[in-house]
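Reviewing the structure listed below.
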Amino acid sequence: MRMNRMYMPTLREVPSEAELPSHQLLLRAGMIRKLVAGVYSFLPLGHRVFKKVEQIVREEMDNIDSQEVLMSAIQPKELWEESGRWSKFGPEMFRLKDRNGRDFCLGPTHEEIFTDLIKNELKSYKQLPLSLYQIQTKYRDEKRPRFGLIRAREFVMKDAYTFDVDEAAMKEAYELMWGAYARVFERCGLKFKIVQGDAGAMGDGVSHEFIALSEYGESFIAYCDSCDYAATDETAQVVYEVAEQDSSAEMQKVSTPGVKTIEELEKFFNVPASAFVKTLLFKAVDEVVAVMVPGDRELNEIKLINALGCAEHELEIASEEDVKDATGCDVGFAGPIGLKKGIRLLVDERVAKMTNMIVGANETDFHLTGVAYGRDFEGEVSGDMLMVVEGDSCPVCGKPLSIDKGIEVGNIFQLGLKYSKSLNLQYLDENGKSQYVWMGSHGIGISRTMAAIIEQYYDEKGIMWPLAVAPYHVIVTVVDPKKADQLEVGEKIYADLKKRGVEVVLDDRKERAGVKFNDAELIGFPLRVTVGRDAKDGLVEFGVRGKDDKEKIEADKAVEAVFSHFEEVGFEL
RNA sequence: CGGGGUGUAGCGCAGUUUGGUAGCGCAUCUGGUUUGGGACCAGAGGGUCGCGGGUUCAAAUCCUGCCACCCCGACCA
């Protein structure tokens with residue numbers, strides 16, 4: 001490709017709408033443009049990178065005998081009602097009606113559609129296992145789209161679905177997928193961690209997330225350096241020991257005027273935060289629920305949601321009015337004793353061991369001390385309800401956990417029988433008996449992966465694409481294309497590289513050298529051959545993006561230099 | 001959806017407090033001089049000042065309703 005014909009509107013200045021490096025650089029390098037919030041157009045250079053990532057995914061999926069299909073983005077409401085997700089997905093789903101008023105959605109994911117497709121054809125165990133995937137546009141009306149391609153409302157995902165005869169076979173398919181995903185992200189050059197995930201709206205089974213490490217990531221992960229335990233912060237099991245407490249203390253009401261927060265309480269009573277128990281009120285659908293966690297810890301809302309069995313969007317913090325109605329007092333004095341009748345009280349398992357805690361009295365300006373679980377009140381003991389923090393003990397080996405941040409680029413789920421049951425997907429086994437199909441669902445965010453790569457490969461000048469995903473491998477920069485000798489040498493190297501199958505652009509634009517160099521570095525071509533003033537002596541310059549030292553070589557050796565670099569970094573065309 | 005902020009030329013911004021009919025830098029076009037790290041000189045084009053309503057002789061500026069976009073919180077590939 002000749003650059004003077006290339007549509008690559010690079011920007012000198014950072015668009016004010018972009019904050020993250022990947023977002024800024026994608027815009028500045030002329031790779032994407034925003035249409036509306038969370039919806040982007042891919043320009044030629046961006047599209048080339050996109051296709052590279054897509055192709056890597058495709059190859060690795062094909063490699064494990066998953067077969068590519070293409071489903072519609074537009075889906076009928078009926079299938080979603082069968083699975084119960086028409087309401088569960090909530091406002092995240094883009095919904096639309098046809099001219100007759102029939103309801104549809106733009107697919108946020110495709111479990112229903114794949115299951116439905118298969119159920120009409122699948123008859124026998126002999127047809128299993130089956131693994132299908134597609135690379136297709138997904139729609140999710142995010143509450144808050146942001147960070148460019150990282151949280152978009154329209155994005156491209158590779159989604160795969162596996163169908164197996166039993167649980168063991170499903171787990172085998174899961175392992176296969178795991179391996180393919182690891183290879184995909186390795187080939188993309190990403191530094192990533194594989195962590196246990198929460199299944200969320202997808203199902204209740206085992207799941208893992210592939211997290212590309214990045215300081216700008218939205219996903220927090222807890223992991224152990226001593227063993228291989230790793231989980232998302234929401235999933236990580238919290239080890240929290242309650243010290244033996246004196247149970248002889250009597251419950252007493254203490255006046256605590258205006259003392260509401262844990263910090264204020266610590267000062268007032270002069271005891272550590274762990275002596276208190278927070279009673280938090282939430283509204284789930286239209287029921288108010290109270291949750292108790294130790295005063296020095298945060299509640300994990302995901303764990304609460306799982307305990308309640310409601311959907312994410314159905315849970316919200318109770319309003320001030322709801323709190324007053326439930327407790328009969330101002331916000332800040334809620335406690336387990338004297339709550340309005342009928343309010344569910346969930347209790348973290350550790351709270352249930354406390355025999356001398358301080359809680360709100362459900363009376364404005366009063367707290368209760370010396371409260372013992374079991375003696376003074378009881379609730380539903382709900383296991384672990386806490387958010388993990390750095391330094392918590394590893395639930396496997398007991399060593400302290402580390403916390404890191406990253407971008408979720410892929411995930412794998414063991415769906416089990418969730419969809420085959422709700423959508424009635426069965427096969428006949430060897431004995432002619434009907435059995436439900438064991439399913440798995442596996443996603444990779446293609447466009448998001450592209451952004452995640454940039455987050456790991458950039459410097460102050462621009463992007464530094466790994467060769468495997470670079471829009472082109474080499475840029476041949478002709479410093480002054482009006483000089484016949486330079487242009488001639490540049491054209492020859494360009495043609496020779498092309499002949500050898502190298503993806504190459506020729507910068508033949510009538511721009512000053514600085515503009516060309518800056519554009520090349522911004523866009524992030526991995527290799528640069530500069531044809532300048534020494535061209536008349538048959539010399540050119542060979543450089544690698546990200547390395548300052550340039551090497552003067554004979555023009556005839558340029559192609560060789562490119563290939564020896566390929567060899568050096570283990571890249572194959 | 002709650003809280004905060006912004007909307008003026010393709011991009012980045014000033015002008016709004018104190019109403020008087022729109023400006024700067026970059027980019028674009030023309031001519032010339034330059035030519036290895038975002039050139040210089042001269043000239044030119046480009047704006048429903050987010051949209052609607054109101055106040056006023058007069059509105060980018062004041063009032064009001066709406067919209068869009070960005071940031072902070074809860075969701076996910």
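Structure notes:
- Contour excess over end-to-end distance, with Cα ends at A:Ala495 and A:Glu81 and 0.36 nm allotted per residue: 143.3 nm
- Where the range A:325-405 is the region considered: accessible area per residue in Å², 1.4 Å probe: 41
- Modelled spin labels at A:Arg183 and A:Arg144, positioned 7 Å past Cα toward Cβ, are 3.9 nm from each other.
- Between A:Met71 and A:Asp228, the FRET efficiency from the beta-carbon distance, with R0 = 41 Å, is close to 0.70.
- Apportionment of accessible area to carbon and sulfur, chain A, percent (1.4 Å): 47
- Between the range A:207-274 and the range A:377-413, the alpha-carbon center distance in angstrom: 10
- In this simple spin-label approximation, A:Glu121 and A:Ser247 carry label points 7 Å from Cα along the Cα→Cβ vector, and these lie 6.3 nm apart.
- Beta bridge orientation in chain A: antiparallel %, DSSP, nearest 5: 80
- Applying the criteria of a DSSP loop state and at most 11 other Cβ atoms within 10 Å to the GluC sites (Glu not before Pro) of the range A:1-36 yields A:Glu13.
- Summing Cβ point charges (Lys, Arg +1; Asp, Glu -1) relative to the Cα centre of the range A:151-247 gives a dipole of roughly 740 debye.
- Relative contact order of the range A:16-147, defined on C-alpha pairs under 8 angstrom at six or more residues apart (%): 29
- Unpaired cysteine residues in chain A (no second Cys Cβ under 4.7 Å): A:Cys105, A:Cys188, A:Cys310, A:Cys329.
- Charge context of A:Glu172, other residues only, Cβ under 13 angstrom, K/R +1, D/E -1: -4
- Cα gyration tensor category, rounded, prolate or oblate, for the range A:120-194 with a/c compared to 1.5: oblate
- C-alpha center-to-center spacing [the range A:95-157, the range A:182-197] in angstrom: 24
- Placing unit charges on the Cβ atoms of the charged side chains and taking the dipole of chain A about its Cα centre, the candidate lying farthest along the positive direction among A:Ala535, A:Val184, A:Ile305 is A:Ala535.
- Positive dipole terminus of chain A, leading residue within A:Phe276, A:Phe155, A:Ser247 (C-beta point charges): A:Phe155
- Dipole check for chain A: with +1 at the C-beta of Lys and Arg, -1 at the C-beta of Asp and Glu, and the Cα centre as origin, the magnitude is about 2300 Debye.
- Mean separation of Cα contacts under 8 Å, 6 or more apart, over the residue count of chain A: relative contact order %: 17
- At full extension, A:Asp62 and A:Asp325 could sit 88.9 nm farther apart than now, given 0.36 nm per residue minus the alpha carbon distance.
- Accessible area per residue in Å² at 1.4 Å probe, computed on the range A:1-64: 49
- Candidates per trypsin sites (Lys or Arg not before Pro) in the range A:4-43, loop by DSSP, up to 12 other Cβ within 10 Å: A:Arg12
- FRET efficiency, A:Glu19 to A:Lys267 (Cβ-Cβ, R0 60 Å, nearest 0.05): 0.95
- Förster radius 35 Å - calculated FRET efficiency between A:Glu312 and A:Asp98 (Cβ-Cβ, nearest 0.05): 0.75
- Using 0.36 nm per residue and subtracting the Cα-Cα separation, the extra length available between A:Lys557 and A:Ser434 on full extension is 37.5 nm.
- Rounded to 10°, Cα long-axis angle of helix A:167-187 versus longest principal axis of chain A: 50
- Relative to the longest principal axis of the Cα atoms of chain A, the long axis of helix A:446-456 lies at roughly 80 degrees.
- Cβ-based net charge around A:Leu401, under 12 Å, with every Lys or Arg adding one and every Asp or Glu removing one: -4
- Dipole of chain A, positive direction: furthest Cα of A:Leu70, A:Gly443, A:Leu122, with charges on the beta-carbon: A:Leu70
- Angle between chain A longest axis and helix A:558-568 axis [Cα atoms, degrees, rounded to 10]: 30
- Within chain A, helix-based [θ] at 222 nm, where runs of 4 or more DSSP H residues each add -39,500 (n - 2.57), nearest 500: -7500 deg cm²/dmol
- Dipole magnitude for the range A:278-431: computed about the Cα centre from +1 point charges on Lys and Arg Cβ and -1 point charges on Asp and Glu Cβ, it is near 400 debye.
- Low-density loop cleavage sites - trypsin sites (Lys or Arg not before Pro) in the range A:72-114, where at most 14 other Cβ are within 10 Å (DSSP): A:Arg99, A:Arg102
- 12 Å beta-carbon shell around A:Lys353, net charge (K/R +1, D/E -1): -3
- The mean accessible area for residues of the range A:68-214, using a 1.4 Å probe and ignoring ligands and nucleic acids, is 44 Å² per residue.
- Rough spin-label spacing in nm, given labels placed 7 Å along Cα→Cβ, for A:Val381 and A:Glu460: 5.9
The values are calculated or read from the model by the stated rules, or taken from the named source; none is laboratory data. Keep in mind it's a predicted model, so treat the numbers as computed, not measured. Don't worry about glycine lacking a Cβ; one is built from the backbone with ideal geometry, like all the others, and counts go over all protein chains shown. Calculation scope for accessible area: heavy atoms of the full protein, side chains included, ligands and nucleic acids excluded. Shrake-Rupley method; radii C 1.70, N 1.55, O 1.52, S 1.80 Å.
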